[in-house]
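Single-structure report; data block below.
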Amino acid sequence: FAQVYIFNRQGITPANSASILLMAFIVYQSVLVLFTAVIMIFRYQVYSAVYSGFFSLAIVGFLINFFVIAGLFLGAKSKWLQNFICNNIIRFLSRIHIIKNHKDTAIKISRSLENFRNELGILQRNKTVLIKSSIINLFKLIIMYSIPFFAAKALHMDVTISQLPDFIGICSFVYMITAFVPIPGASGGSEGVYFMLFSPILGTIGTPTTMLIWRFITYYLGLIVGGLVFAVNKEINRLE
């Protein structure tokens, strides 16, 4: 909602804002799933042995993300699947009182899949934009997941560049496990999972110190910078 508001202040209509945000979601979610799938494939044996208790949670988080984007793609591409979801699954959920209004819910899902189908078509017709945005999202994930490694380097801990892929992989699991914590920024959950996953590498002293840097950069710094821009930017705060 905040992004739509800012777009509106910049002269972009709410309808176009919704389309932009949906396309951004499609690209980001697709890159996230593919990126994490590659990590799991190549480092499965190592992580499943070291993090036997948490690896299953990471897999659950990955599967939820995967089924979200896969379900949207299939629902957008297949009219049969869309009708099956709206006419069968939603009706069943309504009968067992999980969903209150079958018709309204079915209409909302149909509209959402139709919007997804339209924006997906736009992306497919603009392959240059799709490739550029995918590459940008890939670098975004690599940078975000690399922050614990560079925090450790800044604190002069005994880590080498050969460990960077492991830091990226472990940090991706932190995000996968805490992605569905129903608290803004997954506060509390992110810190706890970070401490448990990075302790075998950074120890009981290095883990909390790097966690402070990682958490400040990935969460609080964005809030501070974003708040300042939102408060002083002339384009956003213009009167006309």
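Quick notes on this one:
- The modelled label-to-label distance for the pair R125/A154, using points 7 Å beyond Cα in the direction of Cβ, is 4.5 nm.
- Relative contact order, percent, the chain [alpha-carbon distance under 8 Å, six or more residues apart]: 22
- Difference of contour (0.36 nm per residue) and Cα-Cα distance, L63 to N115: 16.4 nm
- Rounded to 0.05, the FRET efficiency of the V232 and I135 pair, given R0 = 30 Å and the Cβ-Cβ distance, is 0.45.
- Under the Karplus curve 6.51 cos²θ - 1.76 cosθ + 1.60, θ = phi - 60°, whole-Hz ³J(HN,Hα) for region 94-102, x wherever Gly or Pro sits: 5, 5, 9, 6, 7, 10, 6, 10, 5
- Using bins of 5 Å that start at zero, the share of Cα-Cα pairs per bin across the chain amounts to 1, 6, 10, 13, 15, 15, 13, 12, 9, 5, 2, 0, 0, in whole %.
- Label-point separation, R95 to A2 (7 Å along Cα→Cβ), nm: 4.4
- Scaled to the globular estimate 2.2 N^0.38 Å, the Cα spread of region 20-105, given as radius of gyration, is 1.43.
Readers should treat all values here as calculations from the given coordinates under stated rules, not as data from a laboratory. Model, not experiment: these values are computed from the prediction. We place every Cβ from the backbone using ideal geometry, glycine too, and count neighbours over all the protein chains shown.
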